[in-house]
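Quick notes on the structure that follows.
The values are calculated or read from the model by the stated rules, or taken from the named source; none is laboratory data. Everything quoted here is computed from the prediction, not taken from an experiment. Cβ atoms come from the backbone with ideal geometry, glycine included; neighbour counts cover every protein chain shown. With ligands, DNA and RNA removed, areas are computed over all heavy atoms of the protein, side chains included. Shrake-Rupley method; radii C 1.70, N 1.55, O 1.52, S 1.80 Å.
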Amino acid sequence: MNAYRNTDQSAVRPASGARGNRRISRAVLAGAAAVGLGLAGTAVAQAAPAGATSAKATPTCSASALKATFGQKLAGGMNHQGVVINLRNLSGRTCALRGYPGLGLENSAHKTLASHTHWGDTWYAASPAKKTLILKDGESAEAVISWSHANTGTAGAVHASYLQITPPAATQHKTLAFPQWVDHGDLKVTALARHIDVNE
């Protein structure tokens, strides 16, 4: 209100007669209209965050909110092998996952080994399209990983003891026992989905 008063006093100068009074009246009305518009704008601005809060996006599932497990084990010809991985929400609240998990290999001392993760189709399943999965507490998502082991026991393969699984957009990972030979450390993984059909 002080700003309004200061503006009003500096804008309106004394005038004589009816003509002067009309000028003052117009200036006062214009000032009042401007303040009214300002207050209306403030009300809209204050209402917007409230609406945005109610429509706030579901938070992304952190690594600590999820339990990682292996599902169906997959085997096939041409030295291919694979497994379904499951990420289950045990946070006690709803969270979201979208995209591909990150993968990594560790040796028996939990030292990270050289590896490469390829996102997309695997030997056992076509990758579903990336889709935001809203997981309520207790619900899970899955992905299919595959690798080959033609060079078992040679310098052309990495001997792993553990698999690192990093949820999409997370900075920490889950670790599962994974005693496998992986050619050149190359792993393929699909996007996460509620369920993925596999070809054995």
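Residue-by-condition table, conditions (1) assigned to a loop (DSSP other than H, G, I, E, B); (2) farther than 14 Å from P168 by Cα; (3) open to solvent by less than 70 Å² (accessible area, probe 1.4 Å):
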residue	(1), (2), (3)
A96	no, no, yes
G99	yes, no, yes
G104	no, no, yes
A109	yes, yes, no
T117	no, no, yes
T122	yes, yes, yes
A125	yes, yes, yes
P128	yes, yes, yes
K131	yes, no, no
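Taking the conditions exactly as written (open to solvent by 30 Å² or more (accessible area, probe 1.4 Å) and either closer than 17 Å to R88 by Cα or assigned to a loop (DSSP other than H, G, I, E, B) (or both)), does T154 satisfy them or not?
Numbers: open to solvent by 30 Å² or more (accessible area, probe 1.4 Å): yes; either closer than 17 Å to R88 by Cα or assigned to a loop (DSSP other than H, G, I, E, B) (or both): yes.
Spelling it out, T154 is indeed open to solvent by 30 Å² or more (accessible area, probe 1.4 Å) and either closer than 17 Å to R88 by Cα or assigned to a loop (DSSP other than H, G, I, E, B) (or both).
Cβ separations smaller than 6 Å between residues 6+ apart or across chains give the following pairs from the range 154-178 residues that are modelled with pLDDT of 95 or more to residues that are of a type in the set (D, E): A157/D183; Y162/E106.
Among the residues examined, L90 does not qualify as of a type outside the set (S, T, N, Q), open to solvent by less than 40 Å² (accessible area, probe 1.4 Å) and either under 18 Å from S161 (Cα atoms) or modelled with pLDDT of 95 or more (or both).
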